[in-house]
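In what follows, a single structure is set out as structure tokens and then discussed.
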Amino acid sequence: MVTNSSLPVLSVLLDYYPGHQRLLSKGAYQALGTASKVEAFKKHNTISRPDFLNYFLMHRAQNPKYATYIDRLKYLDTATGWLVDVLETDGTINCQLGSDGLQEKVGEAVSLSVAGKLFGLTAADWTKIPEQQGAGAHATFDFQRTIVGITAEDAVIQIEAKGTFVSDNTVGQANVRSHASNIKKKKNNISDAGDDYKHPATALYGMIVAIDPVHDAKCWLLDPPPLMFEGDPRDNKVAIRLDYIASLTEMLAPKAKLPAALRESAHSWRDGAGRTSRLEGHPFTVNNYIEAFLANGKIWLAERDVIGQLYVGESGKPFFLGLKGELIRAAIGQDPDTISNLSFEPDVGYQIISAEPMQIDSWKKGEKCRVKLELSTSSSGVVIGLPCEVG
């Protein structure tokens, strides 16, 4: 039985960091309509809880620490516990002090949720900027995001995300000032590299998030320098999304051939060659691949168009990870416009599932259980189900 509820939102107070409103009102920032987007956000100052959960629970899928699907599932199992023991997400994001290891993760999740609201894109558009190595390396930033159609030419949006837990985020905090100072140092470092290090169609936003135990979350915008972005933005956008879908599909079906085929297609788009033949024909048919192949041994919620799996790790609490079927169909179809424009309305509902959860450590099915889940669908099409009381 499915019962929908109204979409919960989380309050995040957005503002310019002192002295940066003027900097963020000219050049590429002006062309991107930064001021009007910030004003529109400040009318509600909210992000969707499903999107925050997606960014937080699916943290850094491309980080070497979470290089395999097992690593990512173990992180997901652990992070669900943090939502109970460390973080509260009832109306805003609050924290228990002393949890230093979570500050970066929460800062990224809030920053990317805010940026998604500002520019209307989803988690599927983010990829990590490779850090330069060696004696002559320059400071880089955490993420890059391609936005199509904001400016006359394709624009690349980059985010430098910082997070800190403080005792009171309504007053000046040394941690926030320290993050701002570090961003300024990086700006000077990159400026010393010369004009050819910058890319005229790129804008980079610094975002500092401060969370405390009581008040609404706060996020400040800063003006760091943009970094060079190589390649065609539109083709890179398609490639980034295909890589994202491949990574998620691999977690559901590590032995399936689809993730490798999607990564091959992503490589082709990144090189400017476009669609590949590997995703054309049997068994990768848009009409029935999910139902006839991918759903075998998994949970197929036809009424929601969601394919997923129930998992259990060291926490002992089962959780659900799933994808909207349309994500996979779009990836197989390889139409660039469909892939680039695909977005879902965030949604929260409840579902009772009876299934044998996959045990993360052994990759074997456990004993059948019946669990009521709060299913959160993010704008990128990821569906995360966390257990709640059976009523």
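Restricting attention to the stretch 359-382, which residues are assigned to a strand (DSSP E or B) and either of a type in the set (Gly, Ala, Ser) or open to solvent by less than 20 Å² (accessible area, probe 1.4 Å) (or both)?
Within the stretch 359-382, Val371, Leu373, Leu375, Ser376, Thr377, Val382 qualify.
Check every one of the helices (runs of 4 or more DSSP H) wholly within the stretch 31-131 and list those with 2 or more residues that are modelled with pLDDT under 90 and open to solvent by 20 Å² or more (accessible area, probe 1.4 Å). Step through it out loud before you land on a result.
Working: elements: 34-42, 49-57, 69-85, 103-119.
The qualifying helices (runs of 4 or more DSSP H) are 69-85, 103-119.
Surrounded by fewer than 18 Cβ atoms within 10 Å (Cβ to Cβ) and out of contact with any Lys or Arg (no Cβ under 6 Å at 6 or more places or on another chain): is that true of Lys237 in this structure?
no
Among the numbered criteria (1) in contact with a strand residue (DSSP E or B) (Cβ under 8 Å, 6 or more places away or on another chain); (2) in a helix (DSSP H, G or I), which single criterion is violated by Arg329?
(1)
Only one of Ser340, Ser354 is open to solvent by 10 Å² or more (accessible area, probe 1.4 Å) and either in contact (Cβ under 8 Å) with a residue 40 or more places away in the chain or part of a helix (DSSP H, G or I) (or both). Can you tell me which?
Numbers: Ser354 fails: either in contact (Cβ under 8 Å) with a residue 40 or more places away in the chain or part of a helix (DSSP H, G or I) (or both).
One residue alone meets the criteria, Ser340.
Hey, does the stretch 250-268 have a residue that's of a type outside the set (S, T, N, Q), open to solvent by 20 Å² or more (accessible area, probe 1.4 Å), modelled with pLDDT of 85 or more and in contact with a strand residue (DSSP E or B) (Cβ under 9 Å, 6 or more places away or on another chain)? Steps first, answer last, please.
We begin by selecting, within the stretch 250-268, every residue of a type outside the set (S, T, N, Q); these are 250-264, 266-267.
Subset that is open to solvent by 20 Å² or more (accessible area, probe 1.4 Å): 250, 254-257, 260, 263-264, 267.
From what is left, the residues that are modelled with pLDDT of 85 or more are 250, 254-257, 260, 263-264, 267.
With the extra rule that they be in contact with a strand residue (DSSP E or B) (Cβ under 9 Å, 6 or more places away or on another chain), the set shrinks to 257.
Yes.
The values are calculated or read from the model by the stated rules, or taken from the named source; none is laboratory data. Every value quoted in this text rests on a predicted model; they were computed, and no experiment measured them. All Cβ positions, even for glycine, are placed from backbone atoms using ideal geometry, and neighbour counts span all protein chains on display. Just so you know, the surface numbers come from the protein's heavy atoms only, side chains and all, with ligands and any DNA or RNA stripped out. Shrake-Rupley method; radii C 1.70, N 1.55, O 1.52, S 1.80 Å.
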